[in-house]
Amino acid sequence: MRSGALRVAARDWGRFRDWSGFGEWGRFEHWAWLLAPSAANVGFAVRTSCAAIFSLMVAMWMELGSPQWAPLTVWVVATTSRGESISKSRWRLVGTITGCCVGVALIAAFPQQAALFFLALAVWTGTCCGLATFFDGFRSYGFLVAGFTTAIVATDGIPDPDGAFSVAMARGTYIILGIICEAVATGLFAPNLEKGARERLVQRLRDVSALTASTLGSWQRSTLTPEPGHRAESELLAAIMAAGTRIEFDVLEMGPAAGRAADHARAALAALLAGVVRIRAGTEWPAVERGLDAGRAHIAAIVSPVAHDRFRFASRSVRQGTEGVRNGLRSAAGIVVAWLLWEVTAWPSGVTFLSYVVLVYGLLATRETPALASGGFTRGALWCAAVSAVFVMLVVPAVTSPEVLALALMVPMVVGGLAARTPRLLNHAFSFNMFFPVLIGPSNMGRYDEVSFLNGTSAFLGAVFFASIMFRVVLTFRPDDHLRRTIIWARRSLRGVAQAGNRMSVQGWLLMHADSMVRTVRTSRHVPQALLFDSFVEHMAITTLGMCVIEVREAARDPHLSPLLARQLRVFLRLWMRDQARAVRLVPVLLRHLAGTGAERGDVVVALRGIERIMSGEA
């Protein structure tokens, strides 16, 4: 009630004051994230700020050399749910250990060969960024952490190669301390974790199941627009896939009691996707309803787990191979160019500049549109530098005890936490929250003077601007090119599913291509709508054809099928791999044979008719 009262009061205040002369900045909605935040956003901001400040106090109590890296870790692993934090912390720990080992190895291998050292660092960082793009989830984050941790350890060891091992141990200590503090803070505010996670997962699946059934039913009943538009289809696919992105985190929160919840959840979403595609293929409504009922049965299996449940659901995500290579080459090129800048200019802060460059590349490399993300990241970095300057020159010199320092840091950190929960400010908050404690550099034995602060901040801002320019110049991401490559990949995969030895299931096919379509729509907002529409329509048709071809392929493997019909289906599949237009001409022959023999293979009939319908352009 208190949060609601504050929101109403702030809204009334915004209406009372006339700020229309300031344009967008004068609108209350522009500042609602700060003036009238939700209770959940306030809880996240306060909780994470307390964890970050506590980690800083502990690091100072332990008399660590660079305690500011502990709160940086807290903000990096902080997420909206405990499951996400567990997954992110786990992979950050793995990446940190790997990065520390590789960093020490690079210093040991090239103690006096600067060129070889930086070339090896560029190759390693580029490989990590490329693999991070290739994999999904927080696994990709583990590769990024391995890359920039290596750079931090290796570059910190340049002035004193003999102390590289000590630097690696210190860096690992900061990371572990930050992870522990964030985990403790989140655990205190998240009681009864297992029950809440299961309830959230089930409710999310039920909501998207109801939405899918309602939407498909309206499409089926519609007489004015019997075919759904690409916008309606893309929005429904996005809703289904969004429900799937949190399955991993909910299962982590459930712990050992999760059982086969993840398998049943993914199977339920695959059943919903199948319903969407079957509508496009012209499948009769009762068959679509049976598929939706199968999805509801999987949700029921999560609500009431069965002892010794052996259900398995295999799926795989889209591997962005080309984007991975481009990201890797861009990152490697950026590090080499940054090293050359330092080599030519002999900048005293060049080592710090290089460390920040690798760190910024690692943080932004896996964004779907790094060039766009770098814009918000840069603006957040400027705000971070400005607020840090106030603290270094005015606040920190007046601090007389750790308690006063903690109280002073609480204000900007809470504001940053609120911004982190606002989608349009996410990239701004990302850079502000992470680097604010780094730029002010609190320590037990002293404080940054103005010269040290300006040197460190100039290296930080230089690295941010440098990376932003490189993202826009070197192998920049082009949505139209991504659309073209996605369609080429989809066509190639459509031929491959007809192979006799192919093991792709209908569910796996649908999940993989739905994920690809949703990502394409999300990253192509600035592409002409006509081009995006044509691409989506073709990709949706390929997805429907692939499902039908897989069903025909599985029917051809059925030992109970008549030998003649099985042989005809195999001929159709072999011809499909070589010439799809000729293969479609066999469909009427196969349908007549099925009707003449009286074989009760309704699934094959529906699949063949779907192929004929899509290829003739009726869908």
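The values are calculated or read from the model by the stated rules, or taken from the named source; none is laboratory data. Just so we're clear, the structure is a prediction, and the values are computed from it rather than from any experiment. Neighbour counts are summed over all protein chains in view; Cβ atoms, including those assigned to glycine, are modelled from backbone coordinates with ideal geometry. For accessibility, only protein heavy atoms count, side chains too; no ligands or nucleic acids. Shrake-Rupley method; radii C 1.70, N 1.55, O 1.52, S 1.80 Å.
What net charge do the residues around residue 430 carry, taking every other residue with its C-beta under 13 Å from that of residue 430, with Lys and Arg at +1 and Asp and Glu at -1?
Details: positive: 367, 379, 421, 424; negative: none.
Here the count lands on +4.
Under a 1.4 angstrom probe, counting protein chains only, how are 518, 74 ranked by accessible area, largest first?
Details: 518 20, 74 0 Å².
Largest accessible area first, the list is 518, 74.
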Checking rank on 530-537, 547-554, 239-246, 126-133, with mean other Cβ inside 10 Å and highest first, the result is 126-133, 547-554, 239-246, 530-537
Taking 0.36 nm per residue of separation between residue 184 and residue 578 and subtracting their Cα-Cα distance, the length gained on full extension comes to 136.0 nm
Rounded to one decimal in nm, the spacing of the 7 Å Cα→Cβ label points at residue 239 and residue 307 is 3.9 nm
HN-Hα couplings for region 458-466 via Karplus (6.51, -1.76, 1.60; θ = phi - 60°), in whole Hz with x for Gly/Pro, come out as 5, 5, 5, 5, x, 5, 5, 5, 4
The simple spin-label model distance between residue 285 and residue 139, using points 7 Å out along Cα→Cβ, in nm, is 4.2 nm
Karplus ³J(HN,Hα) for region 98-110 (6.51 cos²θ - 1.76 cosθ + 1.60, θ = phi - 60°; Hz, whole; x = Gly/Pro) runs 5, x, 4, 5, 5, x, 5, 5, 5, 4, 5, 7, 10
Reported to the nearest 10 Å², residue 140 has, with a 1.4 Å probe, an accessible area equal to 20 Å²
From most to least accessible, 1.4 Å probe, no ligand or DNA/RNA atoms counted, 188, 64, 93 line up as 188, 93, 64
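Quick one: order 182, 63 from most to least accessible surface, probe 1.4 Å. Mind dumping the intermediate values first?
Values: 182 5, 63 145 Å².
Of 182, 63, the descending order of accessible area is 63, 182.
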